[in-house]
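Following: one structure in structure tokens, then a few remarks.
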Amino acid sequence: MPVRVIETIDIKRLDILDEKGNVDESLMPALSDIEIKGMYELLTLSRTFDHHALSLQREGRMGTYASIFGQEASQIGSALALEKSDWIFPSFREMGVYITMGYPLHMLFQYWGGDERGVKCPEGLNIFPVCVPVGTQTPHAAGAAMAAKYKGDKIAVACYFGDGGTSEGDFHESMNMAGVFKLPVVFICQNNQWAISVPRERQTASKTIAQKAAAYGFEGVQVDGNDIFAVYKATKEAVDKARRGDGPTFIECFTYRMSDHTTADDAARYRTKEEVDAWKAKDPILRLRLFMEKNGLWSEQYQKEVEEKAKTVVDEAIRTAEAIEHPEPKDMFTYTYEKLTPRQIKEMRDF
Amino acid sequence: MPKLNMVQAINLALREEMQRDKNVVILGEDVGRDGGVFRVTEGLLEEFGAERVIDTPLAESVIAGSAIGMALYGLKPIAEIQFMGFIYPAIDQIFSHAARVRSRSRGRFTCPIVVRAPYGAGIKAPELHSESTEALFCHMPGVKVVVPSSPYNAKGLLISSIRDPDPVIFLESTRLYRLIKEEVPEGEYAIPLGKARVVQEGKDITVISWGSMLHRSLQAVGGFDAEVIDLMTLNPFDEETIFKSVKKTGRVMIVHEASKTGGFGAEISATIAEDEILYLKAPIIRVTGYDVVMPLPKLEDYYIPTVERIRKGIEEAMKY
Ligand SMILES: Cc1ncc(C[n+]2csc(CCOP(=O)(O)OP(=O)(O)O)c2C)c(N)n1
Ligand SMILES: [Mg+2]
């Protein structure tokens with residue numbers, strides 16, 4: 001009997017907005033001018049937040065911080081496709097997602113300043129605290145999606161992680177679970193080409209990360225992660241599909257980490273300046289600006305206003321964060337359990 | 001003799017053992033090109049090549065598990081877990097396999113691996129970068145646990161750990177990595193596992209500690225006639241040295257950074273109570289971290305046992 005091909009996989013790649021600001025009209029999502037400007041303003045705000053966070057860290061006013069520089073379109077584009085009622089399971093590099101969902105900026109500074117009160121998600125938002133152990137949030141996304149399905153809630157669950165995260169067992173177990181139960185979850189991988197010093201090709205021998213989804217029986221797509229229109233469109237479709245009950249989607253946002261891994265890292269030890277420079281031309285904010293310029297949505301004056309507004313908002317958030325009183329030492333006991341244990345009560349007497 | 005910090009001393013131990021034995025290999029996240037996030041493996045990729053200094057995909061279970069496979073096949077792998085807080089995905093492999101290979105195969109196969117991990121608080125790091133859960137590993141028969149407190153000892157203990165025929169968890173205090181420099185000889189010297197070190201002799205109280213808390217303890221004992229013991233190997237631990245000291249002093253204080261309940265202090269304390277209770281003049285005192293989730297940097301200093309808390313512990317024991 002001849003050997004037959006019993007399955008083939010096609011992996012799609014979505015590009016809408018190119019580096020020069022041109023769009024493929026046939027793929028362009030329906031967005032009003034105001035929505036497009038809103039995207040630009042969020043991108044600028046997130047980058048301003050990021051730059052300020054990096055300088056605060058350098059000045060010793062904040063702890064170790066993981067920059068989002070270069071990945072803004074992946075984060076803002078995807079988060080804009082979500083509703084406040086959706087559930088989000090981030091990793092540690094999603095400040096753009098938090099900002100887009102309306103998370104109070106000062107709390108983000110507070111968190112990175114080493115104060116856990118900063119990740120107490122305000123009511124009305126369902127963003128899980130920053131997840132430090134890589135990949136370990138992915139099962140929670142599958143579980144939350146299963147619960148939403150059980151309860152009949154028409155929400156979607158978004159789960160964020162990096163290219164490195166896709167090497168962890170938890171990631172594969174969650175993808176498998178999501179596939180088997182057709183869960184309403186969108187897996188959003190920001191493939192920023194690096195996991196600290198380890199390049200993408202050392203994480204997986206597969207050509208794309210998107211194709212991992214095929215092994216779990218659902219669709220995986222690669223998008224230009226520096227193209228906010230493509231990221232938005234892919235996420236919107238995936239979220240709508242999840243709400244319809246048509247199961248999970250995997251989105252690989254092909255992007256680049258422009259900064260060091262964190263403020264504790266020195267990327268010059270393992271990657272070349274040429275590589276970083278080549279990605280500068282692909283900047284997500286620059287290309288949206290070029291698009292807006294071509295379409296009469298951008299002027300020098302507008303740019304100035306957007307930048308000033310972002311700076312004012314971020315400065316204000318820093319002031320607010322820095323004015324917050326130091327946490328009480330007793331705070332460290334409060335949330336271990338609902339009630340203090342007898343031993344904790346004794347230990348607390350030290351304070 | 002060169003003065004080295006702990007990072008350099010461990011690096012030297014790794015280098016010398018790799019030069020001596022070509023079966024010694026290193027694997028872990030960022031251990032190669034980056035030289036490890038703390039630079040402990042700096043220069044080793046250049047000297048020994050990518051087949052012996054392996055930058056793995058980001059997956060702790062396969063780091064530990066493939067180290068086990070390599071060991072079964074005759075290599076001497078040294079796995080690095082980037083921070084102790086990220087060892088949990090590897091625990092399945094360490095507990096279900098590394099710890100039991102010898103037993104399960106009735107000695108036909110063994111598992112001479114070392115799992116190195118930076119541990120402990122004090123460097124104002126993000127969540128899960130400050131854990132000290134050594135007691136978890138001490139609880140598992142089949143696993144040895146070593147915690148050096150100085151560059152000289154780190155080198156000698158690591159050499160012994162690499163040569164040891166059984167799995168060793170080797171915990172390196174991030175706070176000590178660059179804090180102290182001392183003379184570390186080049187060339188072979190091994191400090192045996194399972195032996196404690198009397199750092200300072202004394203008559204009134206035995207202070208037992210390890211890793212970074214040893215230094216806090218040494219700062220705290222000023223003015224007291226205290227005998228200070230650096231445990232160095234937690235499992236199997238040196239009962240003999242402890243008993244000898246307790247017989248002399250009649251008072252004991254154990255200091256560790258990990259939270260109190262189920263911490264390794266409990267095991268030491270119970271062992272002393274079982275064997276030497278008739279020599280005790282005072283209750284055994286434990287000064288430890290609190291029973292809480294390790295706080296983020298803003299409250300970190302309130303969590304770690306302070307010199308003052310340790311002194312109070314000694315004063316308490318000395319009331320008797
Ligand atoms: C389980 C676990 N192992 C190791 C680490 C240390 N670490 C933090 S981030 C990181 C690389 C993550 O790479 P990737 O998933 O691509 O995300 P990125 O940092 O690029 O956003 C590593 C190894 C960790 N936080 N958690
Ligand atoms: Mg990455």
For the stretch B:197-318, the Cα gyration tensor yields equivalent-ellipsoid semi-axes (√(5λ), largest first, whole Å) of 23, 16, 13
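Per residue, how much accessible area does the stretch A:229-351 show when a 1.4 Å probe rolls over the protein heavy atoms, in square angstrom?
54 Å²
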Taking amide H atoms as placed 1.01 Å from N in the peptide plane, list the residues 5 or more away in sequence, or in a different chain, whose amide H sits under 5 Å from that of B:LEU27.
B:ILE54, B:ILE78, B:ALA79, B:GLU80
Tell me whether the stretch B:91-141 comes out rounded, prolate or oblate; compute the Cα gyration tensor, take square roots of the eigenvalues as a ≥ b ≥ c, and use a/c under 1.5 as the rounded threshold.
prolate
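Can you pull the mean other chain C-beta count within 10 Å for peptide B:34-44?
For this peptide, the per-residue mean of nearby foreign Cβ atoms is 2.
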Kindly work out what percent of the DSSP beta bridges joining two residues of the stretch B:3-183 are antiparallel, to the nearest 5.
10 percent
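By the gyration tensor of its Cα atoms, with a ≥ b ≥ c the square roots of the eigenvalues, what is the shape of the stretch A:61-205: rounded for a/c under 1.5, prolate for a/b over b/c, or oblate?
Here the stretch A:61-205 falls in the oblate category.
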Cα pair distances of the stretch A:1-84 binned at 10 Å [whole percent]
13, 32, 24, 16, 9, 5, 1, 0
Note on the stretch A:71-146: alpha-carbon gyration tensor, axes a ≥ b ≥ c; rule is a/c under 1.5 for rounded, else prolate if a/b larger than b/c, else oblate; result rounded
Could you pull the accessible area for B:LEU179 with a 1.4 Å probe, rounded to 10 Å²?
110 Å²
Under a 1.4 Å probe, counting only protein heavy atoms, A:SER91 has an accessible area in Å², nearest 10, of 10 Å²
What number in nm² do you get for the stretch A:216-313 if you take the convex hull of its Cα atoms and divide its surface by four?
10.1 nm²
For the stretch B:57-117 and the stretch A:59-84, what is the centre-to-centre distance using only Cα atoms, to the nearest Å?
36 Å
Of all the accessible heavy-atom surface of the stretch A:154-277, with the other protein chains kept in place and a 1.4 Å probe, what percent is carbon and sulfur?
51 percent
Ranking B:ASP164, B:ASP275 from most to least accessible area with a 1.4 Å probe gives B:ASP275, B:ASP164
Just subtract the alpha-carbon distance of B:PHE109 and B:ALA190 from 0.36 nm times their residue separation and send over the number in nm, one decimal.
26.7 nm
Skipping prolines and chain starts, which residues have an amide H placed within reach, meaning under 5 Å, of the one on B:VAL207, given they are 5 or more residues away or on another chain?
B:GLU227, B:VAL228, B:ILE229, B:MET253
For the stretch B:3-183, would you read off the P(r) tail past 20 Å as a percentage of all alpha carbon pairs?
48 percent
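Kirkwood-based Rg over Rh for chain B (C-alpha set), two decimals? Kindly include the intermediate steps, with their values, before the conclusion.
Details: Rg = 19.2 Å, Rh = 19.8 Å.
Radius of gyration over Kirkwood radius for chain B works out to 0.97.
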Which value results for Rg/Rh of the stretch B:131-190 when Rg is the Cα radius of gyration and Rh the Kirkwood radius based on the inverse mean 1/r?
1.00
Check: C-alpha center the stretch A:244-308 vs C-alpha center the stretch B:144-202, spacing in Å is 46 Å
Whole-angstrom Cα spans of chain A along principal axes, big to small
77, 58, 44
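Just list whichever of A:LYS346/B:LYS247; A:LYS346/B:LYS195; A:LYS12/A:LYS273; B:LYS155/B:LYS298; A:LYS182/A:LYS339; A:LYS346/B:LYS281 have alpha carbons separated by over 28 Å in the model shown. Please list the in-between numbers first.
Numbers: A:LYS346/B:LYS247 30 Å; A:LYS346/B:LYS195 34 Å; A:LYS12/A:LYS273 30 Å; B:LYS155/B:LYS298 33 Å; A:LYS182/A:LYS339 38 Å; A:LYS346/B:LYS281 24 Å.
Exceeds cut-off: A:LYS346/B:LYS247; A:LYS346/B:LYS195; A:LYS12/A:LYS273; B:LYS155/B:LYS298; A:LYS182/A:LYS339.
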Counting all C-alpha pairs of the stretch A:271-316, share separated by more than 11 Å (%)
72 percent
Ignore the peptide's own chain and count Cβ atoms of other chains within 10 Å of each Cβ in B:286-298; give me the average, rounded.
6
Distance in Å, no decimals, from the C-alpha centre of the stretch B:263-320 to the one of the stretch A:312-351 is 24 Å
Over chain B, average the accessible area per residue using a 1.4 Å probe and give it in Å², no decimals.
37 Å²
Rg/Rh (Cα only; Kirkwood hydrodynamic radius) as it applies to the protein assembly as shown:
1.01
Tell me, what is the percent relative contact order of the stretch A:12-350, built from C-alpha pairs under 8 Å that lie six or more residues apart?
25 percent
Using only atoms on other chains, find how many Cβ atoms lie within 10 Å of each Cβ of peptide B:83-90 and report the average.
2
Only helices at least 18 Å long along their axis, Cα-based, and averaging -0.5 or more on Kyte-Doolittle count here, so list those DSSP H runs from chain A.
A:33-58, A:138-151, A:228-244
Can you sort B:ARG104, A:ARG200, B:ARG33 by solvent-accessible area, 1.4 Å probe, largest first?
B:ARG104, B:ARG33, A:ARG200
Using a basic spin-label model with each label point 7 Å from the Cα along Cα→Cβ, how many nm lie between B:LYS3 and A:SER85?
6.7 nm
Residues of type aspartates and glutamates that B:LYS203 reaches as a straight line, Cα spacing below 19 Å, ignoring anything fewer than 8 places off in the same chain
B:ASP225, B:GLU227, B:ASP230, B:GLU239, B:GLU240, B:GLU276, B:GLU315, B:GLU316
Test of understanding: in a Gaussian network model of chain B with alpha carbons linked when under 10 Å, which of B:ILE123, B:ILE87, B:ILE304 would top the mean-square fluctuation ranking?
B:ILE123
Sort A:LYS233, A:LYS37, B:LYS181, A:LYS339 by accessible area with a 1.4 Å probe, largest first.
A:LYS339, B:LYS181, A:LYS37, A:LYS233
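What is the stretch B:185-320's relative contact order, in percent, from Cα pairs under 8 angstrom and six or more apart in sequence? Spell out each step's value before the answer.
Details: 246 pairs, mean separation 35.8, N = 136.
Relative contact order for the stretch B:185-320 comes out at 26 percent.
The values are calculated or read from the model by the stated rules, or taken from the named source; none is laboratory data. Only a predicted model underlies this, so the values are computations on that prediction, with no experimental measurement involved. Glycine also receives a Cβ, built like all others from the backbone with ideal geometry; neighbour counts cover every protein chain displayed. These area figures cover heavy atoms from the full protein model, side chains too; ligands, DNA and RNA do not enter into them. Shrake-Rupley method; radii C 1.70, N 1.55, O 1.52, S 1.80 Å.
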